[in-house]
Ligand code: DGJ
């Protein structure tokens, strides 16, 4: 048996008596001597017409006595299916701050090796897994891979099973949904070529009784930004397993003689401290093991997209930049519309030079003005898409995903450039490098507004399905090279709002545009879903011009919602009145005072239906606490006049920074709570920020 441990978790893998590689245990950490006592399964028991328990296997294959959803499906020459893998090797390696285990299986007859990789890091609770498929005969024939998951996870036996997922759509990303795991198969998937708006690539399983603060939760997430599939199966025998990986059904990938296919990682994380505990462990994973610059404080951004759309020019942006700087913004971003003929969404995408009518001397003079104002300078790009009405498309119509003799459906008047192609990658790197250098750019908002359709690559012939994988790898490659060349460059991931949020993109970007929906109370449920797996420091959140922004209290509510993430401003500053400016100035100053806590503290969701009922969220470190309380409607007057805090030292004394007379113990705050009835203003859209500091 192999025993992988994190600070709080044990994950035990072993061979059963039938030689299958199975999960023996996944849960709270065990002592090494106890692991020896874990019962081993006897191997597959298959009553006639029954189903074997391949749910226990690390990577159930299509083959033998198995009929569940296969995690690995291969067709060998001559149409031979039915894999027969046996363990042939193990390797344990100490990496920097991590331990790695590789278990190699090989088919008994065909030259195929399947390496199951495992990594545990000292600073993270995540068990990382991925798979390499290796064709070991360079002289042989091509194999066809129709499924290659990164791993399957067995959920320990429980009386019942409940799933939690984040589903939704454009303008409604990440809505948390829970339900009893049905018998059969429950699949979440993206077939769009990007992570997608409709579900985020993760699922959590508990026994139906876990709460925000208590109970065991098992979670599984994919670190991948292209199409994906995550299947939870519940057997009639009441066993549950979750298997996932890149790609979606119906695609076959060639594995050439001597070739290799490595999957992206699937991540498993168990917590015994409820949904809040599992989320905090994911946030810690992002900070310790994923983000390129976890300790950097995210700047307050100004972006005029919602204010001016495509109608922009240098003078107008300069006027906005001066005002943004005066309010306290630290990063000024020009969104869509700054280049070539892109004065609307029907033309110019792909032609990445500044529109001479809008920026007559290029971007550099404007960048210098932004820098002179003390802000960093950022710009919007959408490298993966093209408008047919562009020089790029007129010159290289074969660069887009397409099939011969099929129409090229347009969405938002655009098509997708095939980033699996080396020439397209080189083209993107060429102009991006020049843009960043010549335009003195510090920040890119990397957008992608187009799901794949007619996803063909005729020049690649039989193996062209690999574009579904290689496009995403191409995007990663371009971003990685760009960052290596410009180490100070920071990048925001965006895909028509929050369509590209996952642990793959977070390895190479610094924040994510959460959603195009910036209406504060709708945004709350989107942010709530975001927070399940991803930390507040990467959650871009703007206050924009909504019909209510001239209502001071409602606007304040919007500030408090956005301040729970990485605050930005997106309103039309030229049209703001003095009071709106003052409100922005004050809130930006307050945000700067609390943002270390928000961006790097531990997050506690304190209950309520965000955006619908009284809800609160707190950020805590050893010294300080920031609690945002929201009551969207006056009739939701809290029954309990207090909000119970969490995560404090019960014996420490905490003092309210704005009401020094209020000094109580952590125990008091966690049992009696912090009174909010006299801190919340009256009326609808009432919110407050309570700041406490440990004073004894
Ligand atoms: C979609 C993004 O989500 C918006 O924020 C904006 O950048 C537009 N694209 C620009 O076309």
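The values are calculated or read from the model by the stated rules, or taken from the named source; none is laboratory data. Remember, it's a predicted structure, so these values are computed and weren't measured experimentally. Virtual Cβ from ideal backbone geometry, glycine too; neighbours counted across all protein chains shown.
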inquiry  = Here is a check on your reading of the model: is residue 64 under 22 Å from residue 150 (Cβ atoms), free of Cβ contacts under 8 Å to residues at least 60 places away in the same chain and over 35 Å from the mean Cα position of the chain (by Cα)?
reply    = yes
message = Yes or no: the stretch 198-212 includes at least one residue that is outside the structural domain of residue 498 (by TED's automatic domain parsing), within 30 Å of residue 474 (Cβ to Cβ) and without any contact (Cβ under 8 Å) to a residue 40 or more places away in the chain.
response = yes
request  = Being touching a helix residue (DSSP H, G or I) at 6+ places or on another chain (Cβ under 6 Å), within 15 Å of the ligand (Cβ to nearest atom), assigned by TED's automatic domain parsing to the domain that holds residue 409 and under 26 Å from residue 568 (Cα atoms) narrows it down to one of 335, 345, so name that one.
outcome  = 335
query = Are any of the residues in the stretch 115-136 assigned to a helix (DSSP H, G or I) and in the same structural domain as residue 282 (by TED's automatic domain parsing)?
reply = no
inquiry  = Here is a list: 459, 492. Which entry is assigned by TED's automatic domain parsing to the domain that holds residue 334 and under 13 Å from the mean Cα position of the chain (by Cα)?
reply    = 492
query = Mind checking which residues of the stretch 192-234 are touching a helix residue (DSSP H, G or I) at 6+ places or on another chain (Cβ under 7 Å), within 12 Å of residue 278 (Cα to Cα) and surrounded by 24 or more Cβ atoms within 10 Å (Cβ to Cβ)?
reply = 204, 210, 217, 219
key: residue 462 being more than 13 Å from residue 432 (Cα to Cα), touching a strand residue (DSSP E or B) at 6+ places or on another chain (Cβ under 9 Å) and either free of Cβ contacts under 8 Å to residues at least 12 places away in the same chain or within 14 Å of the ligand (Cβ to nearest atom) (or both)   = no
query = Just checking, how many residues over the stretch 378-416 are touching a residue at least 24 places away in the same chain (Cβ under 8 Å), within 16 Å of the ligand (Cβ to nearest atom) and on the phi < 0 side of the Ramachandran plot?
reply = 16
message = Among the residues in the stretch 440-452, are any away from the ligand (no atom under 16 Å from the Cβ), outside the structural domain of residue 190 (by TED's automatic domain parsing), in contact with a helix residue (DSSP H, G or I) (Cβ under 6 Å, 6 or more places away or on another chain) and part of a helix (DSSP H, G or I)?
response = no
request  = Looking only at the stretch 7-30, count how many residues are part of a loop (DSSP other than H, G, I, E, B) and more than 18 Å from residue 99 (Cα to Cα).
outcome  = 5
ask   = Quick one: which helices (runs of 4 or more DSSP H) sit completely within the stretch 514-631 and have at least 3 residues that are within 16 Å of the ligand (Cβ to nearest atom)?
value = 520-531
query = Among the residues of the stretch 499-513, which ones are part of a loop (DSSP other than H, G, I, E, B) and closer than 16 Å to residue 264 by Cβ?
reply = 500, 501, 502, 503, 504, 508, 509
query = Out of 678, 684, 621, 649, which single residue is within 26 Å of residue 540 (Cβ to Cβ) and surrounded by fewer than 18 Cβ atoms within 10 Å (Cβ to Cβ)?
reply = 621
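Here is a yes/no grid of residues against (1) assigned by TED's automatic domain parsing to the domain that holds residue 280; (2) assigned to a strand (DSSP E or B); (3) more than 33 Å from the chain's Cα centre (by Cα):
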residue	(1), (2), (3)
647	no, no, no
651	no, no, yes
654	no, yes, yes
660	no, yes, yes
663	no, yes, yes
669	no, no, no
679	no, no, yes
689	no, yes, no
request  = Mind telling me which of the residues 286, 319 ends up being in the same structural domain as residue 229 (by TED's automatic domain parsing), surrounded by fewer than 22 Cβ atoms within 10 Å (Cβ to Cβ), modelled with pLDDT of 95 or more and more than 16 Å from the ligand (Cβ to nearest atom)?
outcome  = 286
